[in-house]
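Here is the structure we will look at, set down as structure tokens.
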Amino acid sequence: MKRMYLATGLDHILREAKQIRHNQAFRLNDAVVQAIYSKAEQIAQKVVTHSEKPGIDWDQKLDDILTSRIFGFPSMLLLLGIIFWLTIAGANVPSAVIASVLFWGQDRLTDLCYYLSAPAWFHGLFVEGMYRSLAWVISVMLPPMAIFFPCFTLLEDMGYLPRVAFNLDRLFKKAGAHGKQSLTMSMGFGCNAAGIVACRIIESPRERLIAMLTNNFVPCNGRFPTLIALAGVLVFGMGRAFCYTAAIVSGIVLLGIAVTLAVSWTLSKTLLKGVPSAFTLELPPYRKPQVGKIIMRSILDRTLFVLGRAVCMAAPAGAVTWLLANVFVGELSVLNHSAQWLNPFAQAIGLDGFILMAFILGLPANEIVLPILIMSYLATGSMTELQSIEDLYHLFVGQHGWTWLTALCMMLFSLLHYPCSTTLWTMRKESGSTKWTVLAALIPLGIACAVCYITAQAARILGLV
């Protein structure tokens, strides 16, 4: 008994010693940085002279607002909200134009196949399968990325992004992560693969891995169209539907940020234990943005780079989807058989077998999840898309018995499930580890299934559906 007591006391002393060491490390780091800047300020005061009274320090005035405890977070959310609004609203017309051009090309390819008397399977596999999936991915991904990345780069070039990291540093430090993860998380709103690449700015390998593993929990451009459409179905028929839709999508985004922090904290206490590294951030002065440089860098280095990877993944997915929908075993296609086999599990998490199959087949690109689901419900044999939220509502609710719970669970699953293959490929390249790449897929999938199961079962127990 005495030996056990001594062991217990020793463990307690060691824990306290580690905590003191941890706190002293941060205090020492802060003291060193403060001493350096104080000395620099003293030297500057001795050697710098002003011929006249300095004007208003606009940098300081802006920082008093943008980094304050009261206005820092509201101003940050407002600016990011404006970017999201510009991305979502501004991409509609370009997406429609690009889609019309690409599907005009599909019609010409169809005419060419008929002219050459090509077999039906050839036209279906290469035109309705591969080409059509590429058309959807390009028309859905290109315009939002072409808007989001320049806007994001504009904030970066102006010097605002370090202020975002300053505001969020406290939250990520409490989660055992790095303050710079706020920047990589923000990049994930444009594309999770780009967010993974942005994790290079985090020096600590442990914290870089945490940022990579959690970047998927913020919705990318590929998931925004699905989330917006499902939110529209959820509030269809209600007055001021646009306001309700925007509120639901904003809530989903905030939930993704909360999950990012929660999973970061869990990883820092389990698989990736360690002390958060010190983050000394020198806020740069605000600068006039170089518009030409911003456009070139965001389009060439980010938009086209990410789009190229997505296109490489979407073409094979289109071919596989067409094959599954057009190869029959008995009276049902392979796609229908697979959906029926998945249906019991899917029902338990608030979905159905066709929804789960759409997510499985949509692994190469999140943009094709909704077209695959519509194709499965309509049994058209090729990917398609309806023209309005009203059409979606009648297809999902009127013909396939969706409830509000089905739409909600699909939104939650879309937010939390595994990354697309482009992101996983990028994860493998950046981490150099197959193990962490597999975990990057399994951890979100487990969380998505658990959250949807709890939501569905709670709603059914409470009699809400």
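We did not get these values from a lab; they are worked out from the coordinates using the rules stated. Remember, predicted model here, so these are calculated numbers, not experimental data. Cβ coordinates were reconstructed from backbone atoms using ideal geometry, including for glycine residues, and neighbour counts include every protein chain displayed.
Based only on other Cβ atoms within 10 Å, what is the fewest-to-most ordering of Thr87, Thr426?
The most exposed by this proxy come first: Thr87, Thr426.
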Inset, instruction - Rounded to the nearest Å, what's the spacing between the alpha carbon centres of the range 420-459 and the range 60-105? Just the number, please. - result: 27 Å
Legend entry - Cross-link pairs beyond the 25 Å C-alpha cut-off, checked among Lys273/Lys429; Lys180/Lys273; Lys39/Lys173; Lys273/Lys435: Lys39/Lys173
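As a footprinting exposure proxy, order Ile36, Ile70, Ile257, Ile196 by other Cβ within 10 Å, with the fewest listed first. Don't skip to the end; give the middle numbers.
Values: Ile36 11, Ile70 8, Ile257 15, Ile196 30.
Fewest to most other Cβ atoms nearby, the residues stand as Ile70, Ile36, Ile257, Ile196.
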Legend entry - Distant-in-sequence amide H partners of Cys191 (H built 1.01 Å from N, under 5 Å): Asn221
Inset, instruction - Provide the FRET efficiency to the nearest 0.05 for the Glu331-Phe122 pair, computing r from the beta carbons and using R0 = 35 Å. - result: 0.90
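Please list, by residue number, every one of the GluC sites (Glu not before Pro) in the range 282-373 that is coil in DSSP and has at most 13 other beta-carbon atoms within 10 Å.
Glu282, Glu331
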Legend entry - Integer Hz, Karplus 6.51/-1.76/1.60 couplings in order for the range 321-335, x for Gly and Pro: 4, 5, 4, 5, 7, 10, 9, 9, 10, x, 9, 10, 6, 4, 4
